[in-house]
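Q: Before we start, here is the structure in question, set down as structure tokens.
The values are calculated or read from the model by the stated rules, or taken from the named source; none is laboratory data. This structure is a prediction, so every number in the text was calculated from the model and none was measured. Here the Cβ positions follow ideal geometry from the backbone for every residue, glycine too, while neighbour counts run over all protein chains shown.
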Amino acid sequence: MSTAVPPLIRTQDNAFWFDAAAQGRLVVQRCTACGTLRHPPGPACPMCRSFEWDAIDAPLRGILPSYTVVHHPPDGSLAYPLAVGLVDLETGTRIVADFEPETSLDALQIGVPVEIRFAEHAHGELLPRLRLLAEETP
């Protein structure tokens, strides 16, 4: 079994997102025709079907409505068990990201605030990584 890390696939629809992440910024695509925000990025607005868009900076904090702990299939570029969270951003959009490897699985709770940071992945891209905001945990 190979442990080679497959490259991320950059397209004309998502390159802006990877470029912003490389700068430590989280961005969300916005339709310039109707204002609908969308993530993950795509070529057309799901509401009005316009192909015109720009990107806005999203907050680097959110609330955790759901998470999972992944044990399989193993990938040599990741540390297991791997906690992955769904984050509600203040923009009304959601992202999915891994938690920092040192995150205590016992500390994960629905509704806790998280901070989005960026860390280099094995393939060289900077990607969002979640950190619990312990001082604000209920």
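Q: Of everything in the range 102-130, what is closer than 14 Å to LEU82 by Cβ and part of a helix (DSSP H, G or I)? Give them in sequence order.
A: LEU105
Q: Condition check: exposed (fewer than 12 other Cβ atoms within 10 Å of the Cβ) and at pLDDT 90 or above. Does GLU120 satisfy that?
A: Criteria met by GLU120.
Q: List pairs: first residue in the range 33-54 and free of Cβ contacts under 8 Å to residues at least 40 places away in the same chain and surrounded by fewer than 12 Cβ atoms within 10 Å (Cβ to Cβ), second residue outside any loop (DSSP other than H, G, I, E, B) and not hydrophobic (A, V, I, L, M, F, W, C) anywhere in the structure, Cβ distance under 7 angstrom, at least six positions apart or on different chains.
A: PRO46/ARG38; ASP54/ARG30
Q: When you check LEU105 against the structure, is it among the hydrophobic types (A, V, I, L, M, F, W, C) and surrounded by fewer than 16 Cβ atoms within 10 Å (Cβ to Cβ), yes or no?
A: Yes; evaluated as a whole, the condition is true for this residue.
Q: Go through (1) surrounded by 15 or more Cβ atoms within 10 Å (Cβ to Cβ); (2) at pLDDT below 95 for ASP88 and report which single condition fails.
A: (2)
Q: Only one residue in THR68, THR93 is within 21 Å of GLN29 (Cβ to Cβ) and polar (S, T, N, Q). Which one?
A: On the way: THR68 fails: within 21 Å of GLN29 (Cβ to Cβ).
Checking each option against the conditions leaves just THR93.
Q: Which is at pLDDT 95 or above, surrounded by 12 or more Cβ atoms within 10 Å (Cβ to Cβ) and under 21 Å from GLU125 (Cα atoms), of LEU64, LEU82, LEU26?
A: LEU26
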